[in-house]
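Okay, so here's the structure we're looking at.
The values are calculated or read from the model by the stated rules, or taken from the named source; none is laboratory data. Worth saying up front: this structure is predicted, and the values here are computed from it rather than measured. Here the Cβ positions follow ideal geometry from the backbone for every residue, glycine too, while neighbour counts run over all protein chains shown.
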Amino acid sequence: MSTKPSRNLWLLGWISLFNEIASQMVYPLIPKFLVSLGAAPSAIGLIEGIAEATAALFKSVSGRLSDRWGKRKAFVFAGYLLAGIAKPFLFFATSWGHVLGLRFSDRMGKAIRGPARDALLAESVRAESQGKSFGIQRAMDRAGAILGPLLALGILALPQGNLRLVFLLSAIPAALTLLFFPFLKEYKSLPQADSAPIEGESPLRSRPFRIFFFANVLFALGNSSNAFLILKADEVGLGDAPSLVLLWMLYNFVCVVAAPIFGSLSDRIGRKAIIGMSFLFYAALYAAFAFATAHWAMWLLFAAYGVYYGLSSGVFKAYIADLVPAAQRASAYGYFQTGVGLALLPASLITGFAWEAAGSVAALLVSAGFALLGYGLWVWGNFDAGFR
(Lines give C-alpha, C1' and ligand atoms only; values in the text may rest on other atoms or scores of the structure.)
Protein backbone atom coordinates (compact mmCIF):
# COMPACT_ATOMS: atom_id res chain seq x y z
CA MET A 1 0.00 0.00 0.00
CA SER A 2 1.25 3.47 -0.79
CA THR A 3 2.49 5.67 2.02
CA LYS A 4 0.00 8.29 0.83
CA PRO A 5 -3.22 6.31 0.35
CA SER A 6 -5.39 9.37 0.97
CA ARG A 7 -4.41 11.03 -2.31
CA ASN A 8 -6.86 8.94 -4.31
CA LEU A 9 -9.57 9.64 -1.74
CA TRP A 10 -9.40 13.38 -2.28
CA LEU A 11 -8.94 13.09 -6.03
CA LEU A 12 -12.01 10.86 -6.33
CA GLY A 13 -13.86 13.24 -4.04
CA TRP A 14 -13.14 16.23 -6.28
CA ILE A 15 -14.01 14.19 -9.36
CA SER A 16 -17.38 13.29 -7.79
CA LEU A 17 -18.01 16.89 -6.77
CA PHE A 18 -17.48 18.39 -10.24
CA ASN A 19 -19.33 15.58 -11.97
CA GLU A 20 -22.30 16.04 -9.65
CA ILE A 21 -22.27 19.80 -10.28
CA ALA A 22 -22.57 19.10 -14.02
CA SER A 23 -25.27 16.45 -13.47
CA GLN A 24 -27.40 18.53 -11.13
CA MET A 25 -27.18 21.57 -13.41
CA VAL A 26 -28.87 19.45 -16.07
CA TYR A 27 -31.04 16.78 -14.45
CA PRO A 28 -33.75 18.95 -12.79
CA LEU A 29 -34.34 20.77 -16.08
CA ILE A 30 -34.73 17.73 -18.35
CA PRO A 31 -38.49 17.16 -17.75
CA LYS A 32 -39.31 20.77 -18.62
CA PHE A 33 -37.02 20.60 -21.66
CA LEU A 34 -38.74 17.42 -22.86
CA VAL A 35 -42.15 19.07 -22.56
CA SER A 36 -40.86 21.96 -24.69
CA LEU A 37 -39.87 19.39 -27.34
CA GLY A 38 -43.40 17.98 -27.37
CA ALA A 39 -42.74 14.85 -25.31
CA ALA A 40 -45.75 13.30 -23.55
CA PRO A 41 -45.51 12.15 -19.91
CA SER A 42 -45.29 8.56 -21.14
CA ALA A 43 -42.23 9.45 -23.23
CA ILE A 44 -40.59 11.09 -20.23
CA GLY A 45 -41.22 7.97 -18.17
CA LEU A 46 -39.84 5.78 -20.98
CA ILE A 47 -36.64 7.83 -21.21
CA GLU A 48 -35.94 7.71 -17.47
CA GLY A 49 -36.93 4.05 -17.22
CA ILE A 50 -34.59 2.98 -20.03
CA ALA A 51 -31.76 5.15 -18.69
CA GLU A 52 -31.95 3.88 -15.10
CA ALA A 53 -32.55 0.24 -16.07
CA THR A 54 -29.51 0.36 -18.35
CA ALA A 55 -27.31 1.69 -15.56
CA ALA A 56 -28.58 -0.93 -13.12
CA LEU A 57 -28.11 -3.85 -15.48
CA PHE A 58 -24.66 -2.93 -16.78
CA LYS A 59 -23.04 -2.28 -13.37
CA SER A 60 -22.61 -5.98 -12.70
CA VAL A 61 -20.99 -6.43 -16.13
CA SER A 62 -18.57 -3.52 -15.75
CA GLY A 63 -17.64 -4.58 -12.22
CA ARG A 64 -16.89 -8.12 -13.35
CA LEU A 65 -14.77 -6.86 -16.25
CA SER A 66 -12.83 -4.51 -13.95
CA ASP A 67 -11.93 -7.44 -11.68
CA ARG A 68 -11.12 -9.78 -14.57
CA TRP A 69 -8.81 -7.32 -16.30
CA GLY A 70 -7.36 -5.95 -13.06
CA LYS A 71 -8.09 -2.38 -14.13
CA ARG A 72 -9.83 0.37 -12.15
CA LYS A 73 -8.65 3.74 -13.43
CA ALA A 74 -9.45 3.02 -17.09
CA PHE A 75 -13.07 2.16 -16.26
CA VAL A 76 -13.45 5.23 -14.02
CA PHE A 77 -12.02 7.53 -16.69
CA ALA A 78 -14.14 6.04 -19.49
CA GLY A 79 -17.31 6.35 -17.41
CA TYR A 80 -16.79 9.98 -16.48
CA LEU A 81 -15.70 10.86 -20.03
CA LEU A 82 -18.83 9.35 -21.59
CA ALA A 83 -21.13 11.10 -19.11
CA GLY A 84 -19.25 14.38 -19.48
CA ILE A 85 -19.67 14.35 -23.25
CA ALA A 86 -23.38 13.48 -23.14
CA LYS A 87 -24.60 16.33 -20.92
CA PRO A 88 -23.57 19.40 -22.97
CA PHE A 89 -24.79 17.73 -26.19
CA LEU A 90 -28.32 18.27 -24.89
CA PHE A 91 -27.76 21.81 -26.23
CA PHE A 92 -28.18 20.40 -29.75
CA ALA A 93 -31.18 18.12 -29.05
CA THR A 94 -34.24 18.80 -31.21
CA SER A 95 -36.41 15.79 -30.32
CA TRP A 96 -37.08 13.60 -27.31
CA GLY A 97 -35.36 10.76 -29.18
CA HIS A 98 -32.11 12.74 -29.02
CA VAL A 99 -32.59 13.20 -25.28
CA LEU A 100 -33.17 9.46 -24.89
CA GLY A 101 -29.86 8.69 -26.58
CA LEU A 102 -27.97 11.20 -24.45
CA ARG A 103 -29.56 10.05 -21.17
CA PHE A 104 -28.72 6.48 -22.16
CA SER A 105 -25.09 7.50 -22.71
CA ASP A 106 -24.95 9.40 -19.43
CA ARG A 107 -26.29 6.43 -17.43
CA MET A 108 -23.98 4.03 -19.27
CA GLY A 109 -21.13 6.23 -18.12
CA LYS A 110 -22.30 5.89 -14.54
CA ALA A 111 -22.59 2.12 -14.90
CA ILE A 112 -19.06 1.84 -16.31
CA ARG A 113 -17.38 3.94 -13.63
CA GLY A 114 -19.32 3.15 -10.45
CA PRO A 115 -18.11 -0.32 -9.37
CA ALA A 116 -14.49 0.34 -10.43
CA ARG A 117 -14.43 3.71 -8.64
CA ASP A 118 -15.67 2.20 -5.38
CA ALA A 119 -13.18 -0.66 -5.66
CA LEU A 120 -10.34 1.79 -6.38
CA LEU A 121 -11.24 3.88 -3.34
CA ALA A 122 -11.39 0.77 -1.13
CA GLU A 123 -7.92 -0.24 -2.37
CA SER A 124 -6.50 3.26 -1.81
CA VAL A 125 -7.17 3.64 1.92
CA ARG A 126 -6.41 1.61 5.01
CA ALA A 127 -8.96 -0.91 6.24
CA GLU A 128 -9.43 0.90 9.56
CA SER A 129 -10.54 4.10 7.79
CA GLN A 130 -12.83 2.68 5.08
CA GLY A 131 -16.01 4.12 6.61
CA LYS A 132 -14.57 7.61 7.04
CA SER A 133 -13.10 7.56 3.52
CA PHE A 134 -16.32 6.53 1.80
CA GLY A 135 -18.17 9.08 3.94
CA ILE A 136 -15.89 11.88 2.75
CA GLN A 137 -16.29 10.84 -0.88
CA ARG A 138 -20.09 10.73 -0.58
CA ALA A 139 -20.11 14.09 1.22
CA MET A 140 -18.21 15.74 -1.63
CA ASP A 141 -20.64 14.16 -4.09
CA ARG A 142 -23.58 15.70 -2.21
CA ALA A 143 -21.81 19.07 -2.06
CA GLY A 144 -21.89 19.02 -5.85
CA ALA A 145 -25.61 18.32 -5.68
CA ILE A 146 -26.03 21.60 -3.78
CA LEU A 147 -23.86 23.69 -6.10
CA GLY A 148 -25.24 22.35 -9.40
CA PRO A 149 -28.82 23.62 -9.06
CA LEU A 150 -27.55 26.95 -7.72
CA LEU A 151 -25.38 27.42 -10.81
CA ALA A 152 -28.30 26.49 -13.05
CA LEU A 153 -30.54 29.04 -11.32
CA GLY A 154 -27.84 31.69 -11.74
CA ILE A 155 -27.53 30.97 -15.47
CA LEU A 156 -31.29 31.01 -15.94
CA ALA A 157 -31.40 34.43 -14.23
CA LEU A 158 -29.08 35.95 -16.87
CA PRO A 159 -30.70 38.14 -19.55
CA GLN A 160 -30.03 35.46 -22.17
CA GLY A 161 -30.43 32.56 -19.77
CA ASN A 162 -32.26 29.49 -21.07
CA LEU A 163 -32.26 25.75 -20.62
CA ARG A 164 -29.98 25.11 -23.58
CA LEU A 165 -27.37 27.51 -22.22
CA VAL A 166 -27.35 25.60 -18.92
CA PHE A 167 -26.79 22.36 -20.82
CA LEU A 168 -23.92 23.86 -22.81
CA LEU A 169 -22.19 25.36 -19.75
CA SER A 170 -22.39 22.05 -17.90
CA ALA A 171 -19.40 21.13 -20.08
CA ILE A 172 -17.20 23.28 -17.81
CA PRO A 173 -17.52 21.28 -14.56
CA ALA A 174 -17.60 18.08 -16.63
CA ALA A 175 -14.23 19.02 -18.16
CA LEU A 176 -12.81 19.92 -14.74
CA THR A 177 -13.68 16.39 -13.64
CA LEU A 178 -11.21 14.97 -16.16
CA LEU A 179 -8.30 17.19 -15.07
CA PHE A 180 -7.75 15.12 -11.92
CA PHE A 181 -7.14 11.80 -13.69
CA PRO A 182 -3.41 12.26 -14.48
CA PHE A 183 -2.79 12.35 -10.71
CA LEU A 184 -4.98 9.33 -9.88
CA LYS A 185 -3.00 6.18 -9.10
CA GLU A 186 -4.05 2.56 -9.43
CA TYR A 187 -3.25 1.03 -6.05
CA LYS A 188 -2.86 -2.68 -5.46
CA SER A 189 -4.09 -3.99 -2.14
CA LEU A 190 -1.86 -6.10 0.07
CA PRO A 191 -2.52 -9.85 -0.28
CA GLN A 192 -5.11 -11.22 2.12
CA ALA A 193 -4.01 -14.75 2.96
CA ASP A 194 -7.18 -15.54 4.87
CA SER A 195 -9.52 -14.39 2.12
CA ALA A 196 -7.69 -15.02 -1.14
CA PRO A 197 -10.24 -15.25 -3.96
CA ILE A 198 -10.81 -18.43 -5.88
CA GLU A 199 -10.37 -17.86 -9.62
CA GLY A 200 -13.76 -17.11 -11.14
CA GLU A 201 -15.57 -17.22 -7.80
CA SER A 202 -18.54 -14.88 -7.40
CA PRO A 203 -18.90 -12.65 -4.33
CA LEU A 204 -22.45 -14.01 -4.09
CA ARG A 205 -20.98 -17.29 -2.83
CA SER A 206 -20.14 -15.49 0.40
CA ARG A 207 -23.02 -15.90 2.88
CA PRO A 208 -22.44 -12.53 4.66
CA PHE A 209 -22.49 -10.75 1.29
CA ARG A 210 -25.64 -12.62 0.22
CA ILE A 211 -27.43 -11.64 3.43
CA PHE A 212 -26.46 -7.99 2.95
CA PHE A 213 -27.39 -8.11 -0.74
CA PHE A 214 -30.87 -9.63 -0.30
CA ALA A 215 -31.71 -7.54 2.77
CA ASN A 216 -31.02 -4.41 0.73
CA VAL A 217 -32.92 -5.63 -2.33
CA LEU A 218 -35.94 -6.28 -0.09
CA PHE A 219 -35.50 -2.89 1.56
CA ALA A 220 -35.16 -1.21 -1.87
CA LEU A 221 -38.66 -2.32 -2.86
CA GLY A 222 -39.85 0.39 -0.46
CA ASN A 223 -37.16 2.91 -1.34
CA SER A 224 -39.19 4.70 -4.00
CA SER A 225 -38.26 7.80 -5.95
CA ASN A 226 -37.57 10.93 -3.92
CA ALA A 227 -40.22 12.56 -6.10
CA PHE A 228 -42.84 11.12 -3.73
CA LEU A 229 -41.33 13.03 -0.81
CA ILE A 230 -41.53 16.19 -2.93
CA LEU A 231 -45.15 15.29 -3.66
CA LYS A 232 -45.79 14.93 0.06
CA ALA A 233 -44.28 18.36 0.68
CA ASP A 234 -46.61 19.78 -1.97
CA GLU A 235 -49.55 18.06 -0.26
CA VAL A 236 -48.63 19.72 3.03
CA GLY A 237 -48.45 23.13 1.34
CA LEU A 238 -44.77 23.56 0.43
CA GLY A 239 -45.19 23.10 -3.31
CA ASP A 240 -43.84 26.46 -4.49
CA ALA A 241 -40.54 26.28 -6.34
CA PRO A 242 -38.41 28.25 -3.82
CA SER A 243 -39.55 26.03 -0.93
CA LEU A 244 -38.86 22.83 -2.86
CA VAL A 245 -35.39 24.02 -3.86
CA LEU A 246 -34.61 24.98 -0.26
CA LEU A 247 -35.93 21.66 1.07
CA TRP A 248 -33.68 19.78 -1.35
CA MET A 249 -30.69 21.96 -0.46
CA LEU A 250 -31.32 21.29 3.24
CA TYR A 251 -31.37 17.55 2.59
CA ASN A 252 -28.09 17.68 0.66
CA PHE A 253 -26.43 19.92 3.25
CA VAL A 254 -27.20 17.42 6.02
CA CYS A 255 -25.89 14.64 3.73
CA VAL A 256 -22.57 16.48 3.47
CA VAL A 257 -22.28 16.69 7.25
CA ALA A 258 -23.67 13.26 8.15
CA ALA A 259 -21.80 11.01 5.70
CA PRO A 260 -18.26 11.40 7.14
CA ILE A 261 -19.56 11.43 10.73
CA PHE A 262 -21.36 8.10 10.49
CA GLY A 263 -18.65 6.65 8.25
CA SER A 264 -16.07 7.39 10.97
CA LEU A 265 -18.40 6.02 13.63
CA SER A 266 -18.70 2.74 11.70
CA ASP A 267 -14.90 2.46 11.74
CA ARG A 268 -14.97 2.62 15.55
CA ILE A 269 -18.04 0.64 16.59
CA GLY A 270 -18.48 -1.69 13.61
CA ARG A 271 -20.68 -1.36 10.54
CA LYS A 272 -23.40 -3.90 11.31
CA ALA A 273 -24.95 -1.80 14.07
CA ILE A 274 -25.00 1.29 11.81
CA ILE A 275 -26.55 -0.71 8.96
CA GLY A 276 -29.30 -2.07 11.19
CA MET A 277 -29.91 1.43 12.52
CA SER A 278 -30.25 2.75 8.95
CA PHE A 279 -33.11 0.30 8.21
CA LEU A 280 -34.99 1.22 11.39
CA PHE A 281 -34.36 4.95 10.95
CA TYR A 282 -35.72 4.84 7.39
CA ALA A 283 -38.85 3.00 8.53
CA ALA A 284 -39.48 5.54 11.31
CA LEU A 285 -38.73 8.44 8.95
CA TYR A 286 -41.21 7.32 6.29
CA ALA A 287 -43.87 6.68 8.93
CA ALA A 288 -43.33 10.24 10.13
CA PHE A 289 -43.54 11.55 6.55
CA ALA A 290 -46.82 9.65 6.17
CA PHE A 291 -48.53 11.44 9.07
CA ALA A 292 -46.84 14.86 8.74
CA THR A 293 -49.26 17.74 8.18
CA ALA A 294 -47.29 20.84 9.22
CA HIS A 295 -44.70 22.89 7.36
CA TRP A 296 -42.19 22.66 10.22
CA ALA A 297 -42.47 18.88 10.14
CA MET A 298 -41.44 18.81 6.48
CA TRP A 299 -38.33 20.88 7.16
CA LEU A 300 -37.39 18.61 10.06
CA LEU A 301 -38.03 15.42 8.10
CA PHE A 302 -36.04 16.48 5.03
CA ALA A 303 -33.11 17.26 7.34
CA ALA A 304 -33.56 13.83 8.95
CA TYR A 305 -33.57 12.28 5.49
CA GLY A 306 -30.04 13.62 5.09
CA VAL A 307 -29.10 11.81 8.30
CA TYR A 308 -30.34 8.56 6.75
CA TYR A 309 -27.99 9.14 3.79
CA GLY A 310 -25.11 9.39 6.27
CA LEU A 311 -26.17 6.14 7.94
CA SER A 312 -26.28 4.24 4.67
CA SER A 313 -24.40 5.36 1.56
CA GLY A 314 -20.74 5.40 2.58
CA VAL A 315 -21.17 2.83 5.35
CA PHE A 316 -22.69 0.28 2.95
CA LYS A 317 -19.77 0.63 0.54
CA ALA A 318 -17.24 0.28 3.33
CA TYR A 319 -19.02 -2.85 4.57
CA ILE A 320 -18.78 -4.47 1.14
CA ALA A 321 -15.05 -3.70 1.15
CA ASP A 322 -14.83 -5.48 4.53
CA LEU A 323 -16.60 -8.59 3.21
CA VAL A 324 -14.99 -9.10 -0.18
CA PRO A 325 -11.32 -9.62 -1.15
CA ALA A 326 -9.77 -6.98 -3.38
CA ALA A 327 -9.88 -9.08 -6.54
CA GLN A 328 -13.69 -9.36 -6.29
CA ARG A 329 -14.62 -5.89 -5.06
CA ALA A 330 -15.69 -4.31 -8.34
CA SER A 331 -17.84 -7.37 -9.04
CA ALA A 332 -19.38 -7.11 -5.58
CA TYR A 333 -20.16 -3.41 -5.99
CA GLY A 334 -21.59 -4.11 -9.43
CA TYR A 335 -23.84 -6.96 -8.26
CA PHE A 336 -25.03 -4.93 -5.28
CA GLN A 337 -25.80 -1.83 -7.33
CA THR A 338 -27.53 -3.88 -10.02
CA GLY A 339 -29.74 -5.70 -7.50
CA VAL A 340 -30.73 -2.55 -5.64
CA GLY A 341 -31.11 -0.55 -8.86
CA LEU A 342 -33.46 -3.08 -10.42
CA ALA A 343 -35.53 -3.19 -7.23
CA LEU A 344 -35.95 0.59 -7.36
CA LEU A 345 -37.92 0.27 -10.61
CA PRO A 346 -40.89 -1.63 -9.11
CA ALA A 347 -40.49 0.35 -5.88
CA SER A 348 -41.75 3.54 -7.48
CA LEU A 349 -44.57 1.65 -9.19
CA ILE A 350 -45.65 0.10 -5.87
CA THR A 351 -45.62 3.48 -4.14
CA GLY A 352 -47.39 5.19 -7.03
CA PHE A 353 -50.21 2.65 -7.19
CA ALA A 354 -50.62 2.69 -3.40
CA TRP A 355 -50.73 6.51 -3.46
CA GLU A 356 -53.44 6.55 -6.13
CA ALA A 357 -55.48 3.80 -4.46
CA ALA A 358 -55.27 4.78 -0.79
CA GLY A 359 -53.47 8.13 -0.46
CA SER A 360 -50.08 9.30 0.73
CA VAL A 361 -50.31 7.88 4.25
CA ALA A 362 -50.79 4.31 3.02
CA ALA A 363 -48.14 4.64 0.29
CA LEU A 364 -45.44 5.93 2.63
CA LEU A 365 -46.32 3.31 5.26
CA VAL A 366 -45.82 0.62 2.60
CA SER A 367 -42.30 1.96 2.10
CA ALA A 368 -41.72 1.86 5.86
CA GLY A 369 -42.99 -1.73 5.89
CA PHE A 370 -40.44 -2.87 3.29
CA ALA A 371 -37.69 -1.23 5.36
CA LEU A 372 -38.78 -3.30 8.36
CA LEU A 373 -38.79 -6.47 6.24
CA GLY A 374 -35.24 -5.71 5.11
CA TYR A 375 -34.25 -5.14 8.74
CA GLY A 376 -35.82 -8.47 9.71
CA LEU A 377 -33.81 -10.34 7.09
CA TRP A 378 -30.65 -8.50 8.18
CA VAL A 379 -31.17 -9.45 11.84
CA TRP A 380 -32.01 -13.07 10.97
CA GLY A 381 -28.92 -13.40 8.78
CA ASN A 382 -26.61 -11.99 11.44
CA PHE A 383 -28.20 -13.59 14.51
CA ASP A 384 -25.48 -16.20 14.95
CA ALA A 385 -22.57 -14.02 13.83
CA GLY A 386 -23.38 -11.06 16.07
CA PHE A 387 -23.49 -7.37 15.18
CA ARG A 388 -19.96 -6.21 15.65
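At-a-glance table
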{"quantity": "The stretch 65-93, residues that are over 27 Å from PRO28 (Cα atoms), charged (D, E, K, R) and either free of Cβ contacts under 8 Å to residues at least 60 places away in the same chain or buried (at least 19 other Cβ atoms within 10 Å of the Cβ) (or both)", "calculated": "ASP67, ARG68, ARG72"}
{"quantity": "Residue check for TRP248: closer than 25 Å to ILE21 by Cα, aromatic (Phe, Trp, Tyr) and within 16 Å of the chain's Cα centre (by Cα)", "calculated": "yes"}
{"quantity": "Residue within the stretch 298-305 that is assigned to a helix (DSSP H, G or I), closer than 28 Å to SER243 by Cα and either among the β-branched types (Val, Ile, Thr) or assigned by TED's automatic domain parsing to the domain that holds ALA139 (or both) present", "calculated": "no"}
{"quantity": "In the stretch 329-388, the residues that are outside any helix (DSSP H, G or I) and either among the small types (Gly, Ala, Ser) or touching a Lys or Arg at 6+ places or on another chain (Cβ under 9 Å) (or both)", "calculated": "GLY359, ALA385, GLY386, PHE387, ARG388"}
{"quantity": "Leading residue by the ranking (farthest from THR54 (Cα to Cα)) among those in the stretch 340-358 that are of a type in the set (Gly, Ala, Ser) and surrounded by 12 or more Cβ atoms within 10 Å (Cβ to Cβ)", "calculated": "ALA358"}
{"quantity": "Any chance MET277 is without any contact (Cβ under 8 Å) to a residue 40 or more places away in the chain, surrounded by fewer than 21 Cβ atoms within 10 Å (Cβ to Cβ) and either within 25 Å of LEU153 (Cβ to Cβ) or not assigned by TED's automatic domain parsing to the domain that holds SER124 (or both)", "calculated": "yes"}
{"quantity": "Positions within the stretch 360-388 being of a type outside the set (A, V, I, L, M, F, W, C), over 16 Å from PHE213 (Cα atoms) and modelled with pLDDT of 90 or more, in sequence order", "calculated": "SER360, SER367, GLY369"}
{"quantity": "Identity of the residue in the stretch 140-153, among the small types (Gly, Ala, Ser) and modelled with pLDDT of 90 or more, that ends up surrounded by the fewest Cβ atoms within 10 Å (Cβ to Cβ)", "calculated": "ALA143"}
{"quantity": "Residue in the stretch 17-37 that is among the aliphatic types (A, V, I, L, M), touching a helix residue (DSSP H, G or I) at 6+ places or on another chain (Cβ under 9 Å) and farther than 24 Å from SER170 by Cβ present", "calculated": "no"}
{"quantity": "Pair list, Cβ under 8 Å, 6 or more apart: the stretch 230-249 residue more than 17 Å from LEU150 (Cα to Cα), other residue exposed (fewer than 14 other Cβ atoms within 10 Å of the Cβ) and aliphatic (A, V, I, L, M)", "calculated": "VAL236/ALA294"}
{"quantity": "Only listed residue being within 27 Å of PHE253 (Cα to Cα) and outside the structural domain of LEU342 (by TED's automatic domain parsing), chosen from PRO159, PRO88", "calculated": "PRO88"}
{"quantity": "Test result for SER243, within 30 Å of ILE320 (Cβ to Cβ) and part of a helix (DSSP H, G or I)", "calculated": "no"}
{"quantity": "Where PHE253 falls short, out of the listed (1) surrounded by fewer than 18 Cβ atoms within 10 Å (Cβ to Cβ); (2) under 22 Å from LEU364 (Cα atoms); (3) under 19 Å from the mean Cα position of the chain (by Cα)", "calculated": "(2)"}
{"quantity": "Selection within the stretch 96-139 - surrounded by fewer than 20 Cβ atoms within 10 Å (Cβ to Cβ), within 20 Å of LEU184 (Cα to Cα) and either at pLDDT 95 or above or of a type in the set (A, V, I, L, M, F, W, C) (or both)", "calculated": "ALA127"}
{"quantity": "Residue within the stretch 149-163 that is part of a helix (DSSP H, G or I), under 22 Å from ALA53 (Cβ atoms) and out of contact with any helix residue (DSSP H, G or I) (no Cβ under 6 Å at 6 or more places or on another chain) present", "calculated": "no"}
{"quantity": "Hey, PHE213 more than 23 Å from LEU301 (Cβ to Cβ) and either in a helix (DSSP H, G or I) or without any contact (Cβ under 8 Å) to a residue 12 or more places away in the chain (or both) or not", "calculated": "yes"}
{"quantity": "Residues of the stretch 296-339 that turn out to be touching a Pro at 6+ places or on another chain (Cβ under 6 Å) and within 17 Å of SER278 (Cβ to Cβ), as a count", "calculated": "1"}
{"quantity": "Of all residues in the stretch 169-179 being closer than 15 Å to ALA78 by Cβ and of a type outside the set (Ser, Thr, Tyr), the one that is farthest from the chain's Cα centre (by Cα)", "calculated": "LEU178"}
{"quantity": "Pick from the stretch 317-339, criterion aliphatic (A, V, I, L, M) and at pLDDT 90 or above, ranking: surrounded by the fewest Cβ atoms within 10 Å (Cβ to Cβ)", "calculated": "LEU323"}
{"quantity": "Residue ID - modelled with the highest pLDDT, chosen from residues in the stretch 57-85 that are within 19 Å of the chain's Cα centre (by Cα) and β-branched (Val, Ile, Thr)", "calculated": "VAL76"}
{"quantity": "Leading residue by the ranking (surrounded by the fewest Cβ atoms within 10 Å (Cβ to Cβ)) among those in the stretch 208-232 that are under 18 Å from LEU345 (Cβ atoms) and of a type outside the set (A, V, I, L, M, F, W, C)", "calculated": "ASN226"}
